1. Please go through (1) within 15 Å of the ligand (Cβ to nearest atom); (2) in a helix (DSSP H, G or I) for residue 67 and return the number of the only condition it doesn't satisfy.
2. I'm checking my understanding of the structure. Among residues of segment 136-150 that are within 9 Å of the ligand (Cβ to nearest atom) and more than 14 Å from residue 163 (Cα to Cα), which one is farthest from the chain's Cα centre (by Cα)?
3. Does residue 209 satisfy the condition of being of a type in the set (A, V, I, L, M, F, W, C) and either assigned to a loop (DSSP other than H, G, I, E, B) or surrounded by fewer than 22 Cβ atoms within 10 Å (Cβ to Cβ) (or both)?
4. List, please: which pairs have Cβ atoms under 8 Å, are six or more places apart or on different chains, and start with a residue in segment 438-453 that is within 15 Å of residue 51 (Cβ to Cβ) and end with one that is outside any loop (DSSP other than H, G, I, E, B) and basic (Lys, Arg)?
5. Counting only residues that are among the aliphatic types (A, V, I, L, M) and closer than 30 Å to residue 348 by Cα, which one in segment 229-250 is farthest from the chain's Cα centre (by Cα)?
6. With the condition kept exactly as written, say whether any residue in segment 197-204 is in a loop (DSSP other than H, G, I, E, B), within 16 Å of the ligand (Cβ to nearest atom) and modelled with pLDDT under 90.
7. Among the residues of segment 100-135, count how many are in contact with a Leu (Cβ under 9 Å, 6 or more places away or on another chain) and either in contact (Cβ under 8 Å) with a residue 40 or more places away in the chain or in a helix (DSSP H, G or I) (or both).
8. Cβ-Cβ below 6 Å, separation at least six or inter-chain, first residue in segment 181-202 and without any contact (Cβ under 8 Å) to a residue 40 or more places away in the chain, second basic (Lys, Arg): which pairs?
Amino acid sequence: MITNPLRDPRDRRLPRVPEPCALVVFGITGDLARKKLLPAVYDLANRGLLPTNFALLGFARRGWGDEDFAALAREAARKAARTPWREEVWERLAGSVRFVQGSFDDDNAFDALAATLGELEGSHGIGGNAAFYLSIPPAMFPVVLKQMQRTGMADSTPERWRRVVVEKPFGTDLASSRELNELVDSVFTAEDVFRIDHYLGKETVQNLMALRFANSLFEPVWNGHHVDSVQITMAEDVGIGGRAAFYEQTGAARDVLQNHLLQLLALTAMEEPVEFSAEEIRTEKLKVLRAVSLPEDLARFAVRGQYEQGWLAGQRATGYRQEEGVDPHSTTETYAAVRLGVETRRWAGVPFYLRAGKRLPRRVTEIALVFKRAPHLPFADTDTEELGSNQLVIRVQPDEGMTLKFGSKVPGSVMEVRDVAMDFLYGEQFTEASPEAYERLLLDVLLGDATLFPRNAEVEASWAVIDPLEEFWTGTTPQPYRAGEWGPRAADEMLAAEGRRWRRP
Ligand SMILES: NC(=O)c1ccc[n+]([C@@H]2O[C@H](COP(=O)([O-])OP(=O)(O)OC[C@H]3O[C@@H](n4cnc5c(N)ncnc54)[C@H](OP(=O)(O)O)[C@@H]3O)[C@@H](O)[C@H]2O)c1
């Protein structure tokens, strides 16, 4: 990191800029690289957050030259950049863009990549530092990691750092994630490994820590004495798009419960870290993940569903089994809900209901703390029939912000109480726009700040929750729900059995 001698070291508001370095993207022609990574690189450059001595290297099979790659990168960045387009920013970046052609099993191609990195050290002063982004099919991780090991590209030394970014899925179960972790750790040192869970790059998710630990208002009620239950929802209105091959093998629980939703649970339930550092935050999250318990009666408290043909926003939506590339008898779930416990003093007895699904009525991700009802209501003789529960809802996306729901008197001569909502919207309170998750996370990789990246032990603890669920579901058929509905009826019954109901966000 470059430090400014005129800067007061206590002033953390000034942006940090990484040291000279290169970013190497394997799978540069893929979907993720085009939609997210290349636009994020441009946005960082546009915000002045990339070092002056920076190089971007793409690696893929097609026979391109540097100019072809620069043209693709420009088009991708232009299409999806968050910040305004400035040609001069792009021109500066384009001068340091390189393309290396080859297949992952091609030794010569990796030798050429190592040589290109060496050349850039001289021509672009990148100081030997490099981050390698594995934006590739997971089956390719081993061969690429071994190539990096063979060529010595993975070795950090006191003079230079070498880091690797691993995309989810981190394995498909506990055993395969252990295997992957062992492989990654045999090539890179643990502190140089960055596992991307892009949810952690979202502003609202980070705000969860600010909300809890920078205020005195919420923490006293953030426990089982006051909280009745927690609902964590990740609803998507879209189907599986063109990703049938991937989704058929994966399903909702492996795709998002194992990572995004359990990470949200960990941040909601964790204790205050000793300090705001990668080590301490990850330690607290890991403690929570290890304390997560599945219900004994999985038949009652875990539900999987699959969408059938229906209507969404006035449009007919195809059923999952009719999607292109999906087995007409597929038993892959597109909806998963489960009741988890967190076996700690703070949360004993509080159910954490997690649900994720595709083709639900709207796209929303939120964490809702539902509070216990007041122990005594002196309104028995009034018009108030039933008071709702107080709720604190953290909206991760869209309309990032927070809502506090509580009862209030309806104006008039009778004492009628009705639920009202107090809203905080990021877009209204702050003039600064939130960076994209990938923008923030890429910058953190280059800065070497691992706070927002799960450690391998977290990944393994999460699989230890999901594995028994998957095992229980093996050979079963998911419950149908119509596209445009909030999941299968069994999911509603799961909460109703305990006198609760899902929020309708
Ligand atoms: N797409 C998303 O929104 C998303 C979201 C979350 C996580 N991810 C993860 O991100 C990673 C990449 O996903 P993606 O959707 O971008 O995949 P993708 O579109 O299939 O792209 C795969 C890339 O890998 C390259 N590749 C594949 N086999 C190769 C080989 N043998 N030698 C050299 N290059 C090879 C392809 O290059 P060629 O051009 O040469 O074929 C292509 O650039 C995956 O791990 C995925 O799970 C993706």
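1. (1)
2. Step one: of segment 136-150, the residues within 9 Å of the ligand (Cβ to nearest atom) are 136-141, 143-144.
After this cut, where a residue has to be more than 14 Å from residue 163 (Cα to Cα) as well, the list is 136-141, 143.
On the way: 136: 17, 137: 18, 138: 17, 139: 21, 140: 22, 141: 20, 143: 26 Å.
Once the filter is applied, the top-ranked residue is 143.
3. Details: of a type in the set (A, V, I, L, M, F, W, C): yes; either assigned to a loop (DSSP other than H, G, I, E, B) or surrounded by fewer than 22 Cβ atoms within 10 Å (Cβ to Cβ) (or both): yes.
So residue 209 passes the test.
4. 445/163; 448/163
5. 230
6. Filtering segment 197-204 for residues in a loop (DSSP other than H, G, I, E, B) gives 197, 202.
Still in the running and within 16 Å of the ligand (Cβ to nearest atom): 197, 202.
With the extra rule that they be modelled with pLDDT under 90, the set shrinks to 202.
Looking through segment 197-204, at least one residue is in a loop (DSSP other than H, G, I, E, B), within 16 Å of the ligand (Cβ to nearest atom) and modelled with pLDDT under 90.
7. Step one: of segment 100-135, the residues in contact with a Leu (Cβ under 9 Å, 6 or more places away or on another chain) are 100, 102, 113, 116-117, 120, 126, 128-135.
Now drop any that are not either in contact (Cβ under 8 Å) with a residue 40 or more places away in the chain or in a helix (DSSP H, G or I) (or both), which leaves 100, 102, 113, 116-117, 120, 126, 129-135.
Residues in segment 100-135 being in contact with a Leu (Cβ under 9 Å, 6 or more places away or on another chain) and either in contact (Cβ under 8 Å) with a residue 40 or more places away in the chain or in a helix (DSSP H, G or I) (or both): 14 in total.
8. Note: pairs meeting the criteria are 192/163.
The values are calculated or read from the model by the stated rules, or taken from the named source; none is laboratory data. Keep in mind that what you see is a predicted model, and the values were worked out from it rather than measured. Note that we place each Cβ from the backbone using ideal geometry, even for glycine, and neighbour counts take in every protein chain shown.
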